[in-house]
1. Kindly evaluate LYS207 against the criterion of being modelled with pLDDT of 90 or more, open to solvent by less than 40 Å² (accessible area, probe 1.4 Å) and at negative phi.
2. So which helices (runs of 4 or more DSSP H) are wholly in segment 48-130 and hold at least 2 residues that are in contact (Cβ under 8 Å) with a residue 24 or more places away in the chain and open to solvent by 50 Å² or more (accessible area, probe 1.4 Å)?
3. Restricting to segment 167-204, name every residue that is under 22 Å from PRO16 (Cβ atoms), modelled with pLDDT under 80 and polar (S, T, N, Q).
4. Can you name the number of the only condition in (1) closer than 18 Å to PRO16 by Cβ; (2) at pLDDT 95 or above that VAL148 fails?
5. Open to solvent by 40 Å² or more (accessible area, probe 1.4 Å) and assigned to a loop (DSSP other than H, G, I, E, B): does that describe PRO138?
6. Of all residues in segment 100-138, count the ones that are modelled with pLDDT of 95 or more, touching a strand residue (DSSP E or B) at 6+ places or on another chain (Cβ under 6 Å) and of a type in the set (Ser, Thr, Tyr).
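The values are calculated or read from the model by the stated rules, or taken from the named source; none is laboratory data. Every value quoted in this text rests on a predicted model; they were computed, and no experiment measured them. So basically every Cβ, Gly included, is an ideal-geometry build from the backbone, and we count neighbours across all protein chains shown. These accessible areas exclude ligands, DNA and RNA; they are computed on the full protein's heavy atoms, side chains included. Shrake-Rupley method; radii C 1.70, N 1.55, O 1.52, S 1.80 Å.
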Amino acid sequence: MWRKDQTAFHQQVVNPLLIRFWTCLELKKPSRIFVPLCGKSLDLIWLMQQGNEVIGVELSPVAVKAFFNENGLAPHKQKQGKMTVWQDGRMKILCGDYFSLDRDDLGEIDVVYDRAALTALPEDSRKKYVAHLRAIVPLRCRIFLLTVEDAVPEWHTSMLQDSRYEVDKEVKSLYEPYFAIDIAHAESAWEADMSGTNESASAVVHKVYRLVPRI
């Protein structure tokens, strides 16, 4: 999709939920933030501007090159195991397969910022994604997780008041064995189909999860 410039999923602004709720993590600066499946997200720049060191991983070299070019950064490139490292100061993107990452590639990580990695993956890959994440980041690492979930079938405000602050069943099954799960925020919206196959909008709920390790 990056090669074909079919990137309607790319947000043209920093995610507003990141800006509003990042402080709920109460991080000590500077922190090292890992962003899986990062694309060319402007969220990376915002996180760096808060004083953090940012480490992303992205499969597509097209996306990585565009990120550095569009943000006026001049990265140094070098091979590191199965990855190609692009780095300019406190901004680093590892270009390669997420599932080929190991702990030595990342080093110490304080927080994982997952804006769309989990929800972008096919359902049958998500358990593997979480298991690999647990293997490559420290056990004390927290996760700031943003999801887009289907709204209740009959989308009425009165129903959403009771249901939108519930932890999604899949999120619960994937993370609860390792993390205490807190919903910092949830909001309903109409969202267009990003695949381009359906012109209609559907009702969704955007949720902000804070995951704290059970250690």
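1. Working: modelled with pLDDT of 90 or more: yes; open to solvent by less than 40 Å² (accessible area, probe 1.4 Å): yes; at negative phi: yes.
Judged against the criteria, LYS207 is a match.
2. The helices (runs of 4 or more DSSP H) meeting that bar are 61-70, 117-120.
3. SER202
4. Here VAL148 meets the rest and fails (2).
5. Working: open to solvent by 40 Å² or more (accessible area, probe 1.4 Å): no; assigned to a loop (DSSP other than H, G, I, E, B): yes.
It is false that PRO138 is open to solvent by 40 Å² or more (accessible area, probe 1.4 Å) and assigned to a loop (DSSP other than H, G, I, E, B).
6. 1
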